[in-house]
1. State which residue is nearest to residue 219 (Cα to Cα) when the search covers only the range 127-145 and only residues that are surrounded by 18 or more Cβ atoms within 10 Å (Cβ to Cβ) and out of contact with any strand residue (DSSP E or B) (no Cβ under 8 Å at 6 or more places or on another chain).
2. Can you tell me which residue within the range 238-289, out of those that are part of a helix (DSSP H, G or I) and without any contact (Cβ under 8 Å) to a residue 12 or more places away in the chain, is nearest to residue 178 (Cα to Cα)?
3. Quick check on residue 94: is it within 29 Å of residue 289 (Cβ to Cβ) and either in a helix (DSSP H, G or I) or over 15 Å from the mean Cα position of the chain (by Cα) (or both)?
4. For residue 148, all conditions in the list (1) within 30 Å of residue 259 (Cβ to Cβ); (2) surrounded by fewer than 19 Cβ atoms within 10 Å (Cβ to Cβ) hold save one; what is the number of the exception?
5. Can you find a residue in the range 101-110 that is under 19 Å from residue 152 (Cα atoms), surrounded by fewer than 18 Cβ atoms within 10 Å (Cβ to Cβ) and in contact with a strand residue (DSSP E or B) (Cβ under 6 Å, 6 or more places away or on another chain)?
6. Exactly one condition in (1) out of contact with any helix residue (DSSP H, G or I) (no Cβ under 6 Å at 6 or more places or on another chain); (2) not in a strand (DSSP E or B) is false for residue 184; which is it?
7. Scan the range 208-237 residue by residue and report those that are under 19 Å from the mean Cα position of the chain (by Cα), in a loop (DSSP other than H, G, I, E, B) and more than 23 Å from residue 162 (Cβ to Cβ).
(Lines give C-alpha, C1' and ligand atoms only; values in the text may rest on other atoms or scores of the structure.)
Protein backbone atom coordinates (compact mmCIF):
# COMPACT_ATOMS: atom_id res chain seq x y z
CA UNK A 1 0.00 0.00 0.00
CA UNK A 2 2.87 2.39 0.77
CA UNK A 3 5.90 3.54 -1.25
CA UNK A 4 4.02 2.88 -4.45
CA UNK A 5 4.91 3.74 -8.00
CA UNK A 6 2.35 5.75 -9.96
CA UNK A 7 1.26 4.16 -13.24
CA UNK A 8 -0.53 6.66 -15.47
CA UNK A 9 -0.37 4.50 -18.57
CA UNK A 10 0.62 0.99 -19.50
CA UNK A 11 3.91 2.22 -20.92
CA UNK A 12 4.86 3.49 -17.49
CA UNK A 13 4.99 -0.03 -16.11
CA UNK A 14 8.74 -0.61 -16.26
CA UNK A 15 10.79 -2.83 -14.08
CA UNK A 16 13.50 -0.22 -13.77
CA UNK A 17 11.06 2.06 -11.90
CA UNK A 18 10.42 -0.39 -9.09
CA UNK A 19 11.17 1.24 -5.79
CA UNK A 20 10.59 -1.30 -3.03
CA UNK A 21 13.33 -3.78 -2.20
CA UNK A 22 13.65 -7.00 -0.32
CA UNK A 23 12.24 -10.48 -0.51
CA UNK A 24 8.67 -11.61 -0.45
CA UNK A 25 7.56 -12.95 2.90
CA UNK A 26 6.39 -16.03 1.03
CA UNK A 27 9.78 -16.66 -0.55
CA UNK A 28 11.70 -15.92 -3.69
CA UNK A 29 15.09 -14.92 -4.97
CA UNK A 30 15.13 -15.56 -8.71
CA UNK A 31 16.18 -13.05 -11.33
CA UNK A 32 13.53 -10.93 -13.06
CA UNK A 33 12.56 -12.44 -16.38
CA UNK A 34 12.95 -9.18 -18.35
CA UNK A 35 15.77 -6.63 -18.61
CA UNK A 36 15.32 -3.55 -16.47
CA UNK A 37 14.50 -1.33 -19.42
CA UNK A 38 11.69 -3.48 -20.80
CA UNK A 39 8.04 -2.61 -20.46
CA UNK A 40 5.95 -4.98 -18.35
CA UNK A 41 3.07 -6.09 -20.53
CA UNK A 42 -0.27 -6.99 -19.01
CA UNK A 43 -2.01 -10.18 -20.11
CA UNK A 44 -3.77 -9.74 -23.44
CA UNK A 45 -7.33 -9.93 -22.13
CA UNK A 46 -6.94 -7.14 -19.59
CA UNK A 47 -6.70 -4.26 -22.04
CA UNK A 48 -9.80 -3.06 -23.84
CA UNK A 49 -11.68 -6.36 -23.57
CA UNK A 50 -15.05 -5.58 -22.05
CA UNK A 51 -13.68 -2.81 -19.85
CA UNK A 52 -16.78 -0.74 -20.56
CA UNK A 53 -18.52 -3.02 -18.04
CA UNK A 54 -16.42 -1.41 -15.30
CA UNK A 55 -17.18 2.26 -15.74
CA UNK A 56 -14.19 3.71 -13.89
CA UNK A 57 -11.44 1.52 -15.39
CA UNK A 58 -9.20 3.30 -17.91
CA UNK A 59 -8.04 1.19 -20.83
CA UNK A 60 -4.46 -0.02 -20.64
CA UNK A 61 -3.99 -0.29 -16.88
CA UNK A 62 -4.02 -3.66 -15.15
CA UNK A 63 -5.10 -2.88 -11.61
CA UNK A 64 -4.75 -6.52 -10.58
CA UNK A 65 -0.94 -6.39 -10.59
CA UNK A 66 0.85 -6.17 -7.25
CA UNK A 67 3.95 -3.99 -7.05
CA UNK A 68 7.01 -5.74 -8.43
CA UNK A 69 10.04 -5.47 -6.20
CA UNK A 70 13.70 -5.10 -6.97
CA UNK A 71 15.71 -8.14 -5.90
CA UNK A 72 12.57 -10.10 -5.03
CA UNK A 73 13.63 -12.73 -7.55
CA UNK A 74 10.25 -13.12 -9.18
CA UNK A 75 10.02 -14.35 -12.76
CA UNK A 76 7.08 -12.67 -14.46
CA UNK A 77 5.08 -14.87 -16.82
CA UNK A 78 2.53 -13.29 -19.18
CA UNK A 79 -0.41 -15.48 -20.07
CA UNK A 80 -3.50 -15.08 -22.22
CA UNK A 81 -5.68 -14.03 -19.29
CA UNK A 82 -3.38 -13.64 -16.29
CA UNK A 83 0.05 -12.58 -15.07
CA UNK A 84 2.08 -14.88 -12.81
CA UNK A 85 4.99 -14.14 -10.51
CA UNK A 86 6.94 -17.40 -10.19
CA UNK A 87 9.32 -18.30 -7.38
CA UNK A 88 12.16 -20.73 -8.17
CA UNK A 89 12.81 -21.49 -4.49
CA UNK A 90 9.28 -22.52 -3.53
CA UNK A 91 8.50 -23.82 -7.05
CA UNK A 92 5.10 -22.13 -6.72
CA UNK A 93 3.75 -18.74 -7.79
CA UNK A 94 4.23 -15.75 -5.51
CA UNK A 95 0.95 -14.51 -6.95
CA UNK A 96 -1.39 -14.85 -9.91
CA UNK A 97 -3.23 -11.70 -11.01
CA UNK A 98 -6.04 -11.18 -13.51
CA UNK A 99 -9.20 -9.30 -14.40
CA UNK A 100 -12.30 -11.51 -14.28
CA UNK A 101 -15.41 -10.55 -16.25
CA UNK A 102 -18.65 -12.21 -17.24
CA UNK A 103 -17.41 -12.84 -20.78
CA UNK A 104 -14.51 -14.89 -19.42
CA UNK A 105 -16.80 -17.30 -17.62
CA UNK A 106 -19.61 -17.62 -20.16
CA UNK A 107 -18.79 -20.77 -22.06
CA UNK A 108 -18.98 -24.54 -21.91
CA UNK A 109 -15.42 -25.66 -22.44
CA UNK A 110 -14.62 -29.04 -20.93
CA UNK A 111 -12.01 -29.54 -18.23
CA UNK A 112 -8.40 -30.26 -19.22
CA UNK A 113 -7.33 -33.86 -18.71
CA UNK A 114 -3.76 -33.16 -17.66
CA UNK A 115 -1.38 -30.68 -16.07
CA UNK A 116 1.50 -29.18 -18.02
CA UNK A 117 5.10 -28.28 -17.34
CA UNK A 118 5.83 -24.62 -18.00
CA UNK A 119 8.73 -24.46 -20.44
CA UNK A 120 9.34 -20.77 -19.76
CA UNK A 121 10.89 -21.98 -16.48
CA UNK A 122 14.47 -23.23 -16.60
CA UNK A 123 14.64 -27.01 -16.32
CA UNK A 124 16.22 -27.14 -12.86
CA UNK A 125 13.32 -25.16 -11.37
CA UNK A 126 10.52 -26.58 -13.51
CA UNK A 127 7.82 -28.53 -11.70
CA UNK A 128 6.18 -31.64 -13.10
CA UNK A 129 2.76 -33.00 -12.24
CA UNK A 130 4.61 -36.06 -10.89
CA UNK A 131 6.05 -33.97 -8.07
CA UNK A 132 2.56 -34.12 -6.56
CA UNK A 133 2.02 -37.86 -7.06
CA UNK A 134 1.38 -39.71 -3.78
CA UNK A 135 2.18 -36.52 -1.85
CA UNK A 136 -1.18 -36.30 -0.09
CA UNK A 137 -1.76 -32.84 -1.62
CA UNK A 138 -3.96 -31.71 -4.48
CA UNK A 139 -2.67 -29.76 -7.45
CA UNK A 140 -4.43 -26.60 -6.33
CA UNK A 141 -5.19 -23.95 -8.94
CA UNK A 142 -4.54 -20.34 -7.98
CA UNK A 143 -6.44 -18.96 -10.97
CA UNK A 144 -9.23 -21.56 -11.27
CA UNK A 145 -10.07 -23.17 -14.59
CA UNK A 146 -13.74 -22.29 -14.07
CA UNK A 147 -12.92 -18.60 -14.44
CA UNK A 148 -12.05 -19.08 -18.12
CA UNK A 149 -14.75 -21.22 -19.72
CA UNK A 150 -14.85 -19.04 -22.81
CA UNK A 151 -11.22 -19.25 -23.94
CA UNK A 152 -9.56 -22.58 -24.63
CA UNK A 153 -6.00 -21.30 -24.35
CA UNK A 154 -6.63 -19.30 -21.17
CA UNK A 155 -8.25 -22.33 -19.56
CA UNK A 156 -5.38 -24.60 -20.60
CA UNK A 157 -2.89 -22.18 -19.05
CA UNK A 158 -4.54 -22.55 -15.64
CA UNK A 159 -3.21 -26.14 -15.77
CA UNK A 160 0.39 -25.04 -16.18
CA UNK A 161 2.28 -26.03 -13.05
CA UNK A 162 3.30 -22.39 -12.51
CA UNK A 163 -0.35 -21.74 -11.54
CA UNK A 164 -0.43 -24.64 -9.08
CA UNK A 165 0.33 -25.05 -5.35
CA UNK A 166 0.18 -28.06 -2.99
CA UNK A 167 -3.23 -27.72 -1.41
CA UNK A 168 -5.04 -29.75 1.21
CA UNK A 169 -7.65 -31.91 -0.50
CA UNK A 170 -10.53 -30.84 1.74
CA UNK A 171 -9.65 -27.17 1.36
CA UNK A 172 -9.36 -27.47 -2.41
CA UNK A 173 -12.67 -29.24 -2.83
CA UNK A 174 -14.71 -27.34 -0.26
CA UNK A 175 -13.90 -23.99 1.33
CA UNK A 176 -11.51 -22.74 -1.35
CA UNK A 177 -13.84 -23.89 -4.10
CA UNK A 178 -16.71 -22.07 -2.41
CA UNK A 179 -14.71 -18.84 -2.45
CA UNK A 180 -13.87 -19.28 -6.13
CA UNK A 181 -17.55 -19.68 -6.99
CA UNK A 182 -18.43 -16.65 -4.88
CA UNK A 183 -15.83 -14.59 -6.73
CA UNK A 184 -17.40 -15.55 -10.05
CA UNK A 185 -20.73 -14.35 -8.69
CA UNK A 186 -19.13 -11.08 -7.61
CA UNK A 187 -17.52 -10.64 -11.03
CA UNK A 188 -20.99 -10.84 -12.58
CA UNK A 189 -22.53 -8.57 -9.95
CA UNK A 190 -19.86 -5.89 -10.15
CA UNK A 191 -19.30 -5.94 -13.90
CA UNK A 192 -15.84 -7.41 -13.30
CA UNK A 193 -13.33 -7.74 -10.48
CA UNK A 194 -9.57 -7.61 -10.24
CA UNK A 195 -8.19 -10.62 -8.43
CA UNK A 196 -4.78 -11.58 -7.07
CA UNK A 197 -4.22 -14.91 -5.38
CA UNK A 198 -1.35 -16.97 -4.04
CA UNK A 199 0.30 -18.98 -1.25
CA UNK A 200 1.56 -17.79 2.12
CA UNK A 201 4.70 -19.25 3.68
CA UNK A 202 5.25 -18.56 7.36
CA UNK A 203 8.21 -20.91 7.83
CA UNK A 204 11.65 -20.32 6.36
CA UNK A 205 11.93 -24.09 5.91
CA UNK A 206 8.51 -25.27 4.73
CA UNK A 207 7.63 -28.89 4.11
CA UNK A 208 8.33 -29.94 0.52
CA UNK A 209 7.02 -32.59 -1.86
CA UNK A 210 8.37 -34.30 -4.98
CA UNK A 211 11.77 -34.52 -6.61
CA UNK A 212 11.79 -30.77 -7.22
CA UNK A 213 11.07 -29.97 -3.56
CA UNK A 214 7.84 -28.03 -4.09
CA UNK A 215 7.13 -26.03 -0.92
CA UNK A 216 3.80 -26.63 0.84
CA UNK A 217 2.09 -23.33 1.80
CA UNK A 218 0.84 -22.66 5.33
CA UNK A 219 -2.02 -20.54 4.05
CA UNK A 220 -3.51 -19.04 0.89
CA UNK A 221 -4.72 -15.54 0.13
CA UNK A 222 -7.02 -13.92 -2.36
CA UNK A 223 -7.63 -10.19 -2.69
CA UNK A 224 -10.32 -8.75 -4.95
CA UNK A 225 -11.06 -5.23 -6.12
CA UNK A 226 -14.18 -3.75 -7.69
CA UNK A 227 -13.98 -0.40 -9.46
CA UNK A 228 -17.68 -0.13 -10.12
CA UNK A 229 -18.20 3.61 -10.36
CA UNK A 230 -19.19 5.16 -7.05
CA UNK A 231 -19.06 1.78 -5.29
CA UNK A 232 -15.35 1.00 -5.34
CA UNK A 233 -14.33 -1.60 -2.76
CA UNK A 234 -11.77 -4.25 -1.93
CA UNK A 235 -11.55 -7.25 0.38
CA UNK A 236 -9.01 -9.92 1.23
CA UNK A 237 -9.30 -13.54 2.31
CA UNK A 238 -6.88 -15.81 4.18
CA UNK A 239 -7.38 -19.58 4.38
CA UNK A 240 -5.39 -22.12 6.35
CA UNK A 241 -4.02 -24.96 4.23
CA UNK A 242 -5.73 -27.69 6.18
CA UNK A 243 -8.95 -29.72 6.25
CA UNK A 244 -10.87 -27.39 8.57
CA UNK A 245 -14.10 -26.08 7.05
CA UNK A 246 -13.56 -22.33 6.72
CA UNK A 247 -16.35 -19.84 6.18
CA UNK A 248 -16.01 -16.94 3.77
CA UNK A 249 -17.09 -14.48 6.44
CA UNK A 250 -14.43 -15.77 8.86
CA UNK A 251 -11.69 -15.79 6.21
CA UNK A 252 -12.48 -12.24 5.08
CA UNK A 253 -10.15 -9.43 6.13
CA UNK A 254 -8.81 -6.12 4.90
CA UNK A 255 -6.31 -6.05 2.06
CA UNK A 256 -3.90 -4.35 4.46
CA UNK A 257 -3.98 -7.48 6.64
CA UNK A 258 -3.00 -9.66 3.69
CA UNK A 259 -0.23 -7.24 2.77
CA UNK A 260 1.12 -7.37 6.31
CA UNK A 261 1.22 -11.16 6.29
CA UNK A 262 2.68 -11.58 2.79
CA UNK A 263 4.89 -8.51 2.41
CA UNK A 264 3.22 -7.84 -0.95
CA UNK A 265 1.74 -4.54 -2.13
CA UNK A 266 -1.58 -5.05 -3.88
CA UNK A 267 -3.49 -2.89 -6.38
CA UNK A 268 -0.42 -0.72 -6.87
CA UNK A 269 -1.82 1.25 -9.80
CA UNK A 270 -4.66 2.84 -7.81
CA UNK A 271 -4.55 6.45 -6.77
CA UNK A 272 -2.90 6.69 -3.34
CA UNK A 273 -5.92 8.04 -1.51
CA UNK A 274 -8.30 5.52 -3.05
CA UNK A 275 -5.88 2.66 -2.44
CA UNK A 276 -5.41 3.59 1.20
CA UNK A 277 -9.14 3.87 1.79
CA UNK A 278 -10.12 0.64 0.05
CA UNK A 279 -7.36 -1.47 1.59
CA UNK A 280 -7.72 -0.30 5.18
CA UNK A 281 -11.10 -1.91 5.86
CA UNK A 282 -13.76 -4.13 4.35
CA UNK A 283 -17.48 -4.74 4.64
CA UNK A 284 -18.97 -7.90 3.15
CA UNK A 285 -22.38 -6.22 3.18
CA UNK A 286 -21.04 -3.90 0.47
CA UNK A 287 -20.53 -7.04 -1.62
CA UNK A 288 -24.06 -8.21 -0.92
CA UNK A 289 -22.77 -10.93 1.39
CA UNK A 290 -23.78 -11.46 5.03
CA UNK A 291 -21.14 -10.95 7.69
CA UNK A 292 -21.99 -14.44 9.01
CA UNK A 293 -22.51 -17.09 6.33
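The values are calculated or read from the model by the stated rules, or taken from the named source; none is laboratory data. Fair warning: this is a prediction, and the values are worked out from it, not measured in the lab. When we count neighbours, we look across all protein chains shown, and the Cβ atoms used for this are built from the backbone with ideal geometry, even at glycine.
1. Top of the filtered list is 144.
2. 250
3. no
4. (2)
5. Checking the range 101-110: not a single residue is under 19 Å from residue 152 (Cα atoms), surrounded by fewer than 18 Cβ atoms within 10 Å (Cβ to Cβ) and in contact with a strand residue (DSSP E or B) (Cβ under 6 Å, 6 or more places away or on another chain).
6. (1)
7. 227, the sole residue that qualifies.
Residue-wise test of (1) more than 22 Å from residue 206 (Cα to Cα); (2) at pLDDT below 95.
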{"residue": "96", "(1), (2)": "no, no"}
{"residue": "104", "(1), (2)": "yes, yes"}
{"residue": "112", "(1), (2)": "yes, yes"}
{"residue": "118", "(1), (2)": "yes, no"}
{"residue": "126", "(1), (2)": "no, no"}
{"residue": "129", "(1), (2)": "no, no"}
{"residue": "134", "(1), (2)": "no, no"}
{"residue": "137", "(1), (2)": "no, no"}
{"residue": "144", "(1), (2)": "yes, no"}
